[in-house]
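Each remark here refers to the structure printed beneath this line.
Taken together, the values in this text are just the output of simple stated rules run on the coordinates, not laboratory data. From a predicted model like this one, the values you see are computed outputs, not experimental measurements. Positions of Cβ are generated from backbone atoms using ideal geometry, with glycine treated the same way; all protein chains shown enter the neighbour counts.
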Amino acid sequence: MQTKEMLYEGKAKKIYKTDKENILLMEYKDSLTAFNALKKGNFEGKGALNCKISTLIFKLLAKHGIAHHWLETKDDKYMVVHQTKIIPLEVVVRNYIAGSLAKKLGKTEGESLKQPIVEFYYKDDALNDPFVNDEQIIALGWATQSDLQILKKQALEINTVLSTTFKAVGLKLIDFKIEFGFNYKNEIILSDEISPDCMRLWDAETNKKLDKDRFRQDLGAVDAAYMEVYERLNKGVQL
């Protein structure tokens, strides 16, 4: 497989065209961003860590029958993936109150929810990725009612697998953000990444934060936190 021109560069990844139809190469960058890139940083090896963590999770999800774009990982921070047409929605699943939900409701972070919540946010950095409801999504043509049912079902299935897996390695999955896209067969599949960049993970005993909140909140030791997540998963996940 030959790598061709870069198709896209985002805050955390670069996407390249290849000589194979419907196959792309995704490079994980060492950059760290928060608050829609208003805060920027990096640490060496961050891209490779996120690539390794995402690889473990994609393999785990495949074992449970969840379709996604990952095909193989090569050279530490590069992934070969199916090309997808991304649905312009961030799908957020919440198991505990934290982040914007805590702020919006005036609640203390860490309070457990009676059931997982699935939320949708319109992908637009200029608008700060606003919350949108089902009716708005359908009316604006971003997804159909049928699409939304699939997104919710898959998001909750992914949450079940991940919550159970992280619990087994002593971590609480507070919440996470995922993205989906249509593949060449017009099927909705999980795309992008799943890493500490897009989820909140706390130590189950101490509530120590082991995710990008360490960067957002200037807690320090971001690299050590990401490495700890990888090491726990690498030792604990049975593939």
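Residues in segment 76-87 that are surrounded by fewer than 18 Cβ atoms within 10 Å (Cβ to Cβ) and in contact with a helix residue (DSSP H, G or I) (Cβ under 9 Å, 6 or more places away or on another chain): Asp76 alone.
Tell me, which residue of segment 197-239 that is among the acidic types (Asp, Glu) and under 16 Å from Ala34 (Cα atoms) is surrounded by the most Cβ atoms within 10 Å (Cβ to Cβ)?
The residue in question is Asp197.
Rundown of residues vs (1) among the hydrophobic types (A, V, I, L, M, F, W, C); (2) part of a strand (DSSP E or B); (3) out of contact with any Gly (no Cβ under 7 Å at 6 or more places or on another chain), yes/no style:
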| position | (1), (2), (3) |
| --- | --- |
| Phe180 | yes, yes, yes |
| Asn186 | no, no, yes |
| Phe215 | yes, no, no |
| Ala225 | yes, no, yes |
| Glu228 | no, no, yes |
| Gln238 | no, no, yes |
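Which one of these does Lys185 not meet: (1) of a type outside the set (Ser, Thr, Tyr); (2) closer than 17 Å to Tyr121 by Cβ; (3) without any contact (Cβ under 8 Å) to a residue 12 or more places away in the chain? If we test Lys185 against (1) of a type outside the set (Ser, Thr, Tyr); (2) closer than 17 Å to Tyr121 by Cβ; (3) without any contact (Cβ under 8 Å) to a residue 12 or more places away in the chain, just (2) comes out false. All of Lys17, Lys39 fail the test of being of a type outside the set (Asp, Glu) and without any contact (Cβ under 8 Å) to a residue 24 or more places away in the chain, apart from Lys17.
Scanning segment 129-152 for residues that are exposed (fewer than 12 other Cβ atoms within 10 Å of the Cβ) and either in contact (Cβ under 8 Å) with a residue 24 or more places away in the chain or assigned to a helix (DSSP H, G or I) (or both) returns Glu135, Ala139, Gln145, Ser146. Can you tell me which residues in segment 28-65 are assigned to a loop (DSSP other than H, G, I, E, B) and closer than 17 Å to Asn234 by Cα? Gly45 - this is the single residue of segment 28-65 that is assigned to a loop (DSSP other than H, G, I, E, B) and closer than 17 Å to Asn234 by Cα. Taking the stated definitions as given, is Phe182 of a type outside the set (Lys, Arg) and surrounded by fewer than 19 Cβ atoms within 10 Å (Cβ to Cβ)? In short, yes.
Taking the conditions exactly as written (in contact (Cβ under 8 Å) with a residue 12 or more places away in the chain and either more than 16 Å from the chain's Cα centre (by Cα) or exposed (fewer than 13 other Cβ atoms within 10 Å of the Cβ) (or both)), does Ser100 satisfy them or not? No, not satisfied.
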